[in-house]
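K.L.:
I'd like to ask you about the structure that follows.
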Amino acid sequence: MNCNFFQIGNCKLYNYDCLDIMSKIDDYDTVITDPPYGMDFRSNHRKIKYNNIKNDQNCFLLNWATNLKAKHSKYIFCRWDNLYDVKKPNSLITWVKNNWSMGDLKHEHARQTEVCLFYKEENHFFPKKRPTDVIFSNRTDNKYHPTEKPLHLMLSILEWTNGTVFDPFMGSGTTGVACAKLGRKFIGIELDKNYFDIACKRITDAYNQPDFFIKKDKNLIIEQVEMDLL
């Protein structure tokens, strides 16, 4: 069984099902991810209509993500009502957006927030001052992915963490882009080949953009190999 693998700078990117290759992934400190969490999401209100998010019919992968064995911390996005489905987090981070979703127009407050579960691990500490549990960040126009997170949001979360970052549901690679910008090591896995290709291009572009904080690497290594995972 073969897997596409790209090494782009300090980012290792796998195009595969995370459940099938976790035995190969063990050298990470922090988990930052936005797993499928039972929404069965399909975009119906945009000119560009996305396909269903794979494996989004239940909360299995959300629970799986909350039980990953990180060393420093885990930050896992979900819906507010997923709190009934997961083990109790140490904090619940609220992301306040600049607009709101549709929802139930008659019997529900207009949603302007998303939430992120925070779990401390054995080696946890805050690299800077203690952050609050509310963060303000304008949402994207979902150019690359139906549940795309803004770069500003991921850069902020990264400042709360330490070490190598792991995202088993990489999507279009925003967390990897943020890691490239800050010079952090990153491991990302994405099942969907289309989103994987987008992530590879975005992360490559991130390393090559001179306005980023990190020094541009004129000898940037981009390597593709076939891996035997069995």
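What follows is calculated from the coordinates using simple rules that are stated; it is not laboratory data. These numbers were taken from a predicted model, which means no experiment stands behind them. Methodologically, a virtual Cβ is constructed for each residue, glycine included, from the backbone with ideal geometry; neighbour enumeration extends over all protein chains shown.
K.L.:
Since residue 96 meets every condition but one in (1) β-branched (Val, Ile, Thr); (2) farther than 16 Å from residue 28 by Cβ; (3) within 15 Å of the chain's Cα centre (by Cα), which condition does it not meet?
P.N.:
With respect to (1) β-branched (Val, Ile, Thr); (2) farther than 16 Å from residue 28 by Cβ; (3) within 15 Å of the chain's Cα centre (by Cα), residue 96 is out only on (3).
K.L.:
Another question, then. Report the residue count in the stretch 15-30 for those that are out of contact with any Lys or Arg (no Cβ under 7 Å at 6 or more places or on another chain) and assigned to a loop (DSSP other than H, G, I, E, B).
P.N.:
Of the residues in that region, 6 qualify.
K.L.:
Within the stretch 58-85, can you find the residues that are more than 11 Å from residue 116 (Cα to Cα), without any contact (Cβ under 8 Å) to a residue 60 or more places away in the chain, under 18 Å from the mean Cα position of the chain (by Cα) and assigned to a loop (DSSP other than H, G, I, E, B)?
P.N.:
Residues satisfying the conditions are 59, 67, 69.
K.L.:
Can you run down the residue pairs with Cβ atoms below 6 Å, 6 or more apart or on separate chains, where the first is in the stretch 103-132 and without any contact (Cβ under 8 Å) to a residue 60 or more places away in the chain and the partner is charged (D, E, K, R) and part of a strand (DSSP E or B)?
P.N.:
The qualifying pairs are 119/74.
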